[in-house]
Amino acid sequence: MDKVRDLASKKAAVIFTKSSCFMCHSIKTLFYELGASPAIHELDQVANGREMEYALRRLGCNPSVPAVFIGGNYIGSAKDIISLHVDGSLKDKLIEAKAIWL
C-alpha cells in the first residue's frame, strides 16, 4: 500500500490503469485533452501490478482501475471522473493541483 501511496503523490495527476481496459483509455484520453500529462501506471505491465491492484482495493478503489489521484488524493474511478468533468470541477481540481495551467 505504501508503494501505491508513494506513486500517487509523486505527480500532480496519477492514473493506475490496465492496458486492456477501455475505460482506462478513455480517462487517459480525457486528461490529455484537458492538457494534463498524468503519470500512468499500467498494472498489467509491471511485475508487482497485482499487489498494487490489491493495495488500491484496500484504499477503497472499486473497481481498482482506473484509479485516479489528483494532488495525491484519490479522486475516483471512471464514473467519478466523468461526473466531475461534466459538472466542470475536474478541470478546477487539475488546475488547483498544478496538473494543468491556464
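The values are calculated or read from the model by the stated rules, or taken from the named source; none is laboratory data. Here the structure is a predicted model, which is why all the values come from computation and not from measurement. So basically every Cβ, Gly included, is an ideal-geometry build from the backbone, and we count neighbours across all protein chains shown. Quick note on the areas: whole protein, heavy atoms, side chains included, nothing else; ligands and nucleic acids left out. Shrake-Rupley method; radii C 1.70, N 1.55, O 1.52, S 1.80 Å.
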Can you run phi through the Karplus equation (6.51, -1.76, 1.60; θ = phi - 60°) for the stretch 52-64 and list ³J(HN,Hα) in whole Hz, with x for Gly and Pro?
5, 5, 4, 5, 4, 4, 5, 7, x, 7, 9, x, 6
Given N residues in the chain, what is Rg(Cα) / (2.2 N^0.38 Å)?
0.98
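How much net charge surrounds ALA55 when only other residues with a Cβ under 13 Å from its Cβ are counted (Lys, Arg +1; Asp, Glu -1)? Mind dumping the intermediate values first?
Details: positive: LYS3, ARG5, ARG50, ARG57, ARG58; negative: ASP2, ASP6, GLU51, GLU53.
Residues near ALA55 contribute +1 overall.
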When the charge dipole of the chain is computed with +1 on Lys and Arg Cβ and -1 on Asp and Glu Cβ about the Cα centre, the Cα farthest towards its positive end, among HIS85, ALA47, TYR74, belongs to ALA47
Let me know the charge dipole size of the chain about its Cα centre in debye, to the nearest 20, where only the beta-carbon of Lys, Arg (+1) and Asp, Glu (-1) is charged.
120
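With the other protein chains left in place, how much accessible area per residue, in square angstrom, belongs to the chain at a 1.4 angstrom probe? Before the final figure, lay out each step's value.
Details: 5790 Å² over 102 residues.
Spelled out: the 1.4 Å probe surface of the chain, per residue, equals 57 Å².
Can you give me the % of accessible surface on the chain that is carbon or sulfur? Probe 1.4 Å, all protein chains present, nothing else counted.
Working: 2960 of 5790 Å².
The value for the chain is 51 percent carbon and sulfur by accessible area.
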